[in-house]
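S.K.: One structure follows; several queries about it will come next.
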């Protein structure tokens, strides 16, 4: 019997529902729990209509108190890696994981170039949601650290995700 799908829930700082989806549990390694979605999988932002992904991807729910999640995408995605900067990820039960999206994202394109996205949204939401200074500093520090690791191809931002992509049924 296959394990139950994992419900992944990203929220905004005010608690409102952001991206959410159900993904297959592929396994676990020293980096954390790897979840997978075959091409044709769907995700939904809040109550908007679901979107369908043309490509397979894996999502790493990192071990420990990391403040990010990592999506490693198969072609023809527009990015190879997409890292959401979040509050610490927490498992609310064995099949549900939640985190608050802190707006900043780190991406790496298939050509190897990388950058931080959504700094404008982060600045706007600092005012709208009244982010505490400690959360602002943690998000900025995490984004900078993750960008360096992505640019230097440090694991799990190098080859780890590629191996897990091959395990998607």
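S.K.: Condition (residue is over 18 Å from residue 92 (Cα atoms) and part of a strand (DSSP E or B)) applied to the stretch 18-26: is it met by at least one residue?
M.R.: yes
S.K.: Still on this structure, I have one more. Give 39, 43 a once-over and let me know the one that is surrounded by fewer than 20 Cβ atoms within 10 Å (Cβ to Cβ) and part of a strand (DSSP E or B). Let's see the steps before the verdict.
M.R.: Details: 39 fails: part of a strand (DSSP E or B).
Unique residue meeting the criteria: 43.
S.K.: To continue, here is another question. Starting from residues that are in contact with a strand residue (DSSP E or B) (Cβ under 7 Å, 6 or more places away or on another chain) and assigned to a loop (DSSP other than H, G, I, E, B), keep the ones in the stretch 46-76 and report whichever is surrounded by the most Cβ atoms within 10 Å (Cβ to Cβ).
M.R.: Here is the first cut: in the stretch 46-76, the ones in contact with a strand residue (DSSP E or B) (Cβ under 7 Å, 6 or more places away or on another chain) are 46, 50-53, 55-63, 67-74.
Subsequent filtering for residues that are assigned to a loop (DSSP other than H, G, I, E, B) retains 46, 50, 53, 55-56, 63, 67, 74.
Working: 46: 11, 50: 11, 53: 18, 55: 16, 56: 20, 63: 13, 67: 23, 74: 19.
The extreme case among them is 67.
S.K.: Sort out which residues of the stretch 103-134 are outside any loop (DSSP other than H, G, I, E, B), more than 23 Å from residue 45 (Cα to Cα) and out of contact with any strand residue (DSSP E or B) (no Cβ under 7 Å at 6 or more places or on another chain), and write them in order of number.
M.R.: 133, 134
S.K.: Residue 142: modelled with pLDDT of 95 or more, surrounded by 12 or more Cβ atoms within 10 Å (Cβ to Cβ), within 15 Å of the chain's Cα centre (by Cα) and over 27 Å from residue 42 (Cβ atoms), yes or no?
M.R.: So residue 142 passes the test.
The values are calculated or read from the model by the stated rules, or taken from the named source; none is laboratory data. As the structure is a computational prediction, the values presented were derived from the model and not from experiment. All Cβ positions, even for glycine, are placed from backbone atoms using ideal geometry, and neighbour counts span all protein chains on display.
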